[in-house]
Structures are given as C-alpha cells and as structure tokens.
Amino acid sequence: MEKRKKIGLFFGSFNPIHIGHLILGNYILENSDMEELWFVVSPQNPFKDKKSLLKDHNRLDMVQLAIKNYPKMRASNVEFSLPVPSYTIDTLTYLNEKYPDYSFSLIMGEDNLGSLHKWKNYELLLKNHQIIVYPRISGEEKKDKDYLQHDNISLIKAPVIELSATEIRNMIREGKNPRPMLPPEVFEYLDGSSFYK
C-alpha cells in the first residue's frame, strides 16, 4: 500500500495567532511523524462567542504572515466554505474525501479531552484519526486519564506555553505592548490597524 502523507491539523480561531502556536506547531513537526502541519482557521467554534472574532480573512492573513518562514506549515481556510458552526468531524470528512492520499491527525490541548465526549460524533474521531495531545495546565487532568489510554491518542511532551489570545486582545485594548507574544509580522499587521481596540 502506498504511503499516505501525514498531516497534523491544528484547529483554532487564531484570534490572533501568537508565538505559543508556532512553538507548539514546530515542536510537533520536529517530534512526530507529521510531514506538514495545517493551521485550520475556524470561522466559528460552537463553544465560543463570535462577537470578539476578527473577520475570517483577517485571521487567515495573520496565520499566513506568521508561518511564511516555516515551509512545513500551512494556513487552511477549508472551514470557510463549510456550514457554520464548524464541527471537527465534518471538516475531517470533507478533507478525507478531497485528499484521499493524505492521513489527517488532530492536534488538541489536554484540557479539551474533558469535553471530547460533547463533540459531534466523537466516537468516529477516536476510531478513525490519530489525536496528538499537548499538555496544558488544567484542573481537569485527572478525569482525562482514561482517554490517554486510547490507542489513537498520544500525549506529547511539548513545552507548556501559557499564552492566550484573550490576554493579547485585552492588552491591545488597554494600550499595552503585546509585541513579545506575537510573531513580528503579526505584530506589525495589528499595530497598523484598529483591531481589538
């Protein structure tokens, strides 16, 4: 059987993308069998409030700027043309049909394992896709240990980076300087705009 290209999917609103996302993405590429990592910019997370989101194309622009020096990373707008709200299983079904020669894995924070049972068709996700879990500081960890025994779930020892896009947006709103938290190109993009103010 022909080898399928292994793609890691990192879903998020990336509102905005920050250095924590890049550090984590690069770590996964360097320490797993993933050949590419796609940042899938989500138009609407079913569990998040939409009013604080920048327009889809602005967030996609920032991801493209942030990863331009990372040849194994891609920005994906696949969910822009799919029904809203976006459900991971629907996106994976679409990608599997569009790219039959690719094998897609899901990248998620350990804190998401506690709510995985609430995801649409989560059993199919677990059955058909590898899930790469990175550590997060979370009070939920104890009850998530059952999931970590699953054959398709692997916990990687990535660095724990406690940066949040919410914190960055708040800093911008308060006139504080978020430059160290952002890729330089993203800082310049935001600095020349009225976004988050």
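The values are calculated or read from the model by the stated rules, or taken from the named source; none is laboratory data. In this text the structure is predicted, and so the values were computed from the model without any measurement. All Cβ positions, glycine included, derive from the backbone under ideal geometry; neighbour counts span all protein chains shown. Remember, those area values only see protein heavy atoms, side chains included, never the ligands or the DNA or RNA. Shrake-Rupley method; radii C 1.70, N 1.55, O 1.52, S 1.80 Å.
Under the criterion of Cα pairs below 8 Å and six or more residues apart, the relative contact order for the chain equals 24 percent. Take each peptide in 8-17, 153-162, 65-74, count the other Cβ atoms within 10 Å of every residue, and average; sorted highest first, the result is 8-17, 65-74, 153-162.
Across all directions, the average projected area of the convex hull around the alpha carbons of region 72-143 is 6.0 nm². Solvent-accessible surface of the chain, taken per residue with a 1.4 Å probe and all protein chains present: 54 Å².
Express in nm, to one decimal, how much length is gained between residue 128 and residue 151 on full extension, taking 0.36 nm for each residue of separation and deducting their alpha carbon distance. Could you put the intermediate results ahead of the total?
On the way: separation 23, 0.36 × 23 = 8.28 nm, distance 1.09 nm.
Full-extension gain reported as 7.2 nm.
Largest first, the residues 188, 97, 35 sort by 1.4 Å accessible area into 97, 188, 35.
Checking [x] 41, 17, 16; [y] 27, 19, 17; [z] 22, 19, 16 against the coordinates, the calculated semi-axes √(5λ) of the Cα gyration tensor in Å falls under label [y].
Using the Cβ of residue 38 as centre and a radius below 13 Å, the other residues enclosed give a net charge of +2, where K and R count +1 and D and E count -1.
Shown for region 9-116: the carbon plus sulfur share of the solvent-accessible area, taken with all protein chains present and a 1.4 angstrom probe, equals 48%. Divide the volume of the convex hull around the Cα atoms of region 22-123 by the residue count and you get 128 Å³ per residue.
Taking 0.36 nm per residue of separation and subtracting the Cα-Cα distance, full extension of the segment from residue 193 to residue 26 would add 57.3 nm.
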